[in-house]
1. Could you list the residues of the range 192-209 with an amide nitrogen less than 15 Å from a label point located 7 Å from the Cα of residue 239 in the Cα-to-C-beta direction?
2. Average the reciprocal distances over every distinct pair of alpha-carbons in the chain, invert the result, and give the Kirkwood radius in Å.
3. So what does the Cα-only Debye profile of the range 136-283 read at q = 0.17, 0.21 Å⁻¹, as log10 I(q)/I(0), no solvent term?
4. When N is the residue count of the range 1-98, what does its C-alpha Rg come to as a fraction of 2.2 N^0.38 Å?
5. What do the square roots of 5 times the Cα gyration tensor eigenvalues come to for the range 189-269, in whole Å, largest first, as semi-axes of the equivalent ellipsoid?
6. Using the basic label-point model (7 angstrom from Cα toward the beta carbon), what is the residue 6 to residue 35 distance in nanometres?
7. For the range 189-269, what is the relative contact order in percent, using Cα pairs closer than 8 Å and at least 6 residues apart in sequence?
8. Tell me the relative contact order for the chain as a rounded percent, counting alpha carbon contacts under 8 Å between residues six or more apart.
């Protein structure tokens, strides 16, 4: 059963691909994609962690995922799920925590509407305890992972976060306006396509979202980004979209004059690779 609730998320809009999805107003986990499109799809949170971290961080996350699949297959995945705080106190706790301060800037905090098909409420403190200062999993990490995935608190001051499979809708208008400024700076030629992306999201489509995909070849993990444009090839969807543009009123996103060409952003400079060792996990 789908669970709907208010949450809080840190979204780094200085990444233009993330900013694009913020203007679109919706993020979804790969579980929302058709089965044929899910293989290798990551959440943006995970791809950003891999991009900003080192090979040890990526390896640690893959080993944690391998542990989850073997022992807690019913729990939401850290690789594909969306991380949400379901109370403002936990969201605020990370501001002053040295272990988390580099990842959580209060300028990026926004309130969201959460629609969770599956979720796990876990204490993030375990994650910092399982890794050393080089992001390598410490001896005995499996015992801590057992307690982490069981939902136990690590101490008297837990930092509760929800990992959800589902979607979130961005409510914060200020964040969306700042995200649009980011797109206007980096990809001004693509505003007409962003307009289509936002209006597609408004009628329940995944089209127009930027999705990170990972491909593993031996010990090498290759991550690239793609703009999903599948539904726009369907005549029935185009009819729905055109009808929404006619009758949607204030819900319709209008960024450019009608008739502008659709020009896709260039994601090639954002692709990257990481070495993954010590796990046979594949997508």
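1. Within reach of a label on residue 239, which here means backbone N under 15 Å from a point 7 Å along Cα→Cβ, the range 192-209 contributes nothing.
2. Over the chain, the inverse of the mean reciprocal pair distance is 19.8 Å.
3. Per q value, in the given order, log10 I(q)/I(0) is -1.11, -1.38.
4. 1.17
5. Output for the range 189-269: semi-axes of 29, 14, 10 Å.
6. Here the answer is 3.8 nm between the modelled labels.
7. About 39 percent, as a whole number.
8. Relative contact order here is 28 percent.
Quick note: the coordinates plus some simple rules give every number you see, no bench work behind them. Because the structure is a prediction, the values reported are computed rather than measured. Reconstructed Cβ throughout: ideal geometry from the backbone, glycine too, with neighbour counts over all protein chains shown.
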